Amino acid sequence: MSDTENRRVEDVIIVGGGPAGYTAALYTARANLSPLVFEGFQWGGQLQNTTDVENYPGYPEGVMGPEMMSQFRAQAERFGTRFVTDDVDRVELSDGGVQKVFLGEEEHRAKTVILAMGAEPRRLGIPGEMELGGRGVSTCGVCDGAFFKGHRVIVVGGGDSAMEDAIFISKFVDQLTIVNRREEFRASKIMLDRARQQDNIDFKTPFVPEEFVASEDGKLAKIRLRHAETGAEEEIEATGAFVAIGHIPRSEVVRGQVETDEDGYIVTEAGSTRTNLGGVFAVGDVVDHTYRQAVTAAGTGCMGALDAERFLRDSPPPVEAHWFPGGEPAEIATGAG
């Protein structure tokens, strides 16, 4: 890319390509802000690894996760969004000044940045976990619990998220076993008591999952467990397994520049997407501890776009920072690769 192109100052750069990032792109594009989206190699976020989505409004028959993300992307592109299918290497953020985003040594500047990098589920890292994703192994009880009506399933984890998933899933399944590596639980007493009050929930402690085992049809059939103290192994037959051991916000690239909490989630002002830096906004699962749904991520993407638009209207960086030596640069190429 030429030096002229590198010195262009965008109205808005969006970092991340899931439902939050694409919704922010749609809204800023319709506001004639010509957003530039660094969507990453794994564009589409967690929904690229999701099969049937039945809880997003507007899809009465359900939709495959990758198909829905392609539709989000195409709608944003229709209004002039430009995409770079690459992962950002680093950023240099300022408080109210021009923001800088780097691909290697290639520098891109913007008056505002919307951070939408998302989060990823913590994994057990055991055989069968990734291979059986969408074929019995899940990381989202709210998303997938209803698919297991009448089944026997397990939930792996000992915190509030695991209890919430278990309580929700128990509405559909015949039997649910919570597997925790310790006798004690990290969950709050009230959440643990609620789980214990469900007739079809039992507990298996202290056990650690060692392998998810498939049947001949390629779907989950059983889980091999190891006793955390004695090392003795046993198996549980189950057609569903929900891994609920937390999420990791993908905020590494901005830590130390914007405020984050002890878990790495970006902190925003209550009721807004504003971070502690003027002109820097954060949306989606990189902010959200609690809900982590496509529809809530999309909602905050809309909020981030509106917040960025208002910032550009009311308090943009100084005009002298926006000059283009040598005239208007060429358009950045689009495409998902």
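Read-outs: derived from the displayed coordinates by stated rules, not from any lab. These numbers come from a predicted model, not from an experiment. A quick note on method: Cβ atoms are made from the backbone with ideal geometry, for glycine too, and the neighbour counts reach across all protein chains shown.
For the stretch 206-252, the set of GluC sites (Glu not before Pro) satisfying both a DSSP loop assignment and a count of at most 14 other C-beta atoms within 10 Å is given as 216, 229.
Per-residue Karplus couplings for the stretch 173-187, computed as 6.51 cos²θ - 1.76 cosθ + 1.60 with θ equal to phi - 60°, are listed in order as 8, 6, 9, 9, 10, 8, 9, 10, 6, 10, 5, 8, 10, 7, 4 Hz, Gly and Pro entered as x. Basic side chains Lys and Arg get +1 at the Cβ, acidic Asp and Glu get -1 at the Cβ, and with that the dipole of the chain about its Cα centre reaches some 540 debye.
From helices alone, the chain scores -6500 deg cm²/dmol at 222 nm; the rule is -39500 (n - 2.57) for each run of n ≥ 4 DSSP H residues, then divide by the residue total. Going from the fewest other Cβ atoms within 10 Å to the most, the residues 306, 47, 176 appear in the order 306, 47, 176. What shape does the chain take by its C-alpha gyration tensor, where a ≥ b ≥ c are the square roots of the eigenvalues and a/c under 1.5 counts as rounded, a/b above b/c as prolate, and the rest as oblate? Judged from the Cα gyration tensor, the chain comes out prolate (a/c at least 1.5, a/b above b/c).
DSSP finds beta bridges in the chain, and of those with both partners inside it, around 45 percent are antiparallel.
Taken over the chain, lysine pairs spaced eight or more positions apart, or on distinct chains, with alpha carbons under 25 Å apart number 12.
For the peptides 21-30, 186-195, the ranking by mean Cβ contacts within 10 Å, running from highest to lowest, is 21-30, 186-195.
Here the residues 8, 313, ranked from fewest to most Cβ neighbours within 10 Å of their Cβ, fall in the order 313, 8. Residue order for 253, 283, fewest other beta carbons within 10 angstrom first, comes to 253, 283. With an a/c value of 1.5 or above and a/b not larger than b/c for the gyration tensor axes a ≥ b ≥ c computed over the alpha-carbon atoms, the stretch 123-243 is described as oblate. First check a/c for the stretch 42-119, with a ≥ b ≥ c the square roots of the eigenvalues of its C-alpha gyration tensor; if it is under 1.5, answer rounded, and if not, answer prolate when a/b is larger than b/c or oblate otherwise. Here the stretch 42-119 falls in the prolate category. Calculated FRET efficiency, residue 219 to residue 184, Cβ-Cβ distance, R0 = 35 Å: about 0.60 to the nearest 0.05. Count Lys and Arg as plus one, Asp and Glu as minus one, and take only other residues whose Cβ is under 11 Å from that of residue 175; the net charge is then -3. Excluding residue 136 itself, calculate the net charge of residues whose Cβ lies under 12 Å from the Cβ of residue 136, where each Lys or Arg counts +1 and each Asp or Glu counts -1. Once positives and negatives cancel, what remains is -1. For the chain, hydrophobic long helices are taken as DSSP H runs at least 27 Å long by C-alpha position along their axis with mean Kyte-Doolittle hydropathy of 0.0 or more; these are 294-314. Among 113-123, 73-83, 160-170, sorting by the average number of other beta carbon atoms lying within 10 angstrom of each residue, highest first, gives 113-123, 160-170, 73-83.
Near residue 83, the amide H atoms lying under 5 Å from its own belong to 37, 335; only residues 5 or more places off or on other chains count, and H is placed 1.01 Å from N.
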